[in-house]
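Notes follow once the structure below has been shown.
The values are calculated or read from the model by the stated rules, or taken from the named source; none is laboratory data. Values in this document were obtained by computation on a predicted structure and should not be read as measured data. Here the Cβ positions follow ideal geometry from the backbone for every residue, glycine too, while neighbour counts run over all protein chains shown.
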Amino acid sequence: MRVAIIDVGSNTARLLVANVTGKGAVVPVAEERDYLRLGAEIERTGTLSRKKIAAAAATCGAYADQIAELGVERASVIVTAPGRQGAAAPELKAALADATSLPVRVLTAESEGRLAYDGAVSRAPGNLPEIVAVVDVGGGSTEVVVGTPFLGAAWVRSADVGSLRLTRAHLTGDPPSAAQIRAAAEAVVRALSGMSPPRPALALAVGGSARALTKIVGRRFDADDLERAVRILSRRPAAKAARPFGIAPERAETLLAGALLLAGASRVLGTGFELGSGGLREGAALELARARERSQGRVKPGGEAEATPQRRFC
């Protein structure tokens with residue numbers, strides 16, 4: 001079946017339209033991305049202005065119009081850290097629902113981690129080992145998840161710091177000073193210090209920071225490779241440092257922080273990473289398809305049901 005996910009995060013809004021096969025494969029049909037920087041305003045002011053909320057609603061409304069033209073059977077809006085952080089989260093949710101005429105779900109940190117795990121595992125090639133970890137560094141939070149491909153996520157933890165929040169809190173120089181980088185690295189250690197995950201045989205890194213960093217360190221990387229990326233990115237202003245690698249200036253702004261967070265997660269897990277091909281949106285697409293099938297009696301009940309769609313899709 002064809003489903004669509006609008007994902008509103010701290011840095012970006014993204015659209016995924018995909019066909020979900022009977023075997024659980026998620027095949028993208030259309031994808032879009034726009035930088036909204038909701039998390040930056042929340043960090044600066046503690047809330048979202050009416051102007052910023054209107055901009056997010058307009059972007060997502062345009063995505064909903066695109067969805068309507070692509071034969072989608074079921075669609076949903078998911079909101080990550082901006083829905084959990086800041087004083088204007090209820091207003092943001094209401095504006096998105098009004099602009100899209102779709103159900104809007106604010107994900108808990110645990111749900112975000114579980115969906116990212118399902119999406120990453122679903123798109124991973126080949127035969128996976130028994131224990132797999134997935135790390136999703138977002139703009140406002142970092143999820144570390146360990147489980148099995150057969151049973152799904154079993155150990156889920158979240159740190160309330162992501163690449164954008166870490167940048168705004170510690171990496172204010174462009175380029176940041178050595179002292180700022182040390183302070184940011186220490187903040188990462190503190191944020192992850194309570195995590196004692198099971199040791200995985202494979203760890204997948206997902207999210208925009210991970211995808212961008214592979215242009216510097218390759219698709220397989222460990223903490224040492226990420227420290228090398230930190231050194232490269234700290235030599236010049238962010239946009240200039242990232243330009244030789246074809247990384248967008250909007251992503252470059254928070255990429256050093258993303259490298260520090262992934263390096264910290266690598267040390268916590270005791271292993272390096274491979275870049276995951278799927279993630280949060282793919283996991284949400286799978287969940288949406290399963291919910292549809294359950295409603296039609298094709299899947300046994302279990303798991304978290306999707307909200308009832310509003311007028312545009314059913």
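Structure above, values below:
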| read-out | value |
| --- | --- |
| Hits in region 122-156 - residues which are part of a strand (DSSP E or B), surrounded by fewer than 19 Cβ atoms within 10 Å (Cβ to Cβ) and hydrophobic (A, V, I, L, M, F, W, C) | Ala154, Trp155 |
| Listing of helices (runs of 4 or more DSSP H) fully contained in region 248-314 that carry 1 or more residues being touching a Pro at 6+ places or on another chain (Cβ under 8 Å), farther than 20 Å from Ala116 by Cβ and modelled with pLDDT of 85 or more | 255-269 |
| Number of positions in region 169-195 that are over 22 Å from the mean Cα position of the chain (by Cα) and farther than 22 Å from Glu41 by Cβ | 8 |
| Breaking point among (1) under 22 Å from Val72 (Cβ atoms); (2) within 17 Å of the chain's Cα centre (by Cα), for Val20 | (2) |
| Selection count where residues are of a type outside the set (Lys, Arg) and surrounded by fewer than 21 Cβ atoms within 10 Å (Cβ to Cβ), scope region 157-183 | 11 |
| Selected residue [touching a residue at least 60 places away in the same chain (Cβ under 8 Å), closer than 24 Å to Arg228 by Cβ and out of contact with any helix residue (DSSP H, G or I) (no Cβ under 7 Å at 6 or more places or on another chain)] from Ala184, Ala179, Ala133, Ala191 | Ala191 |
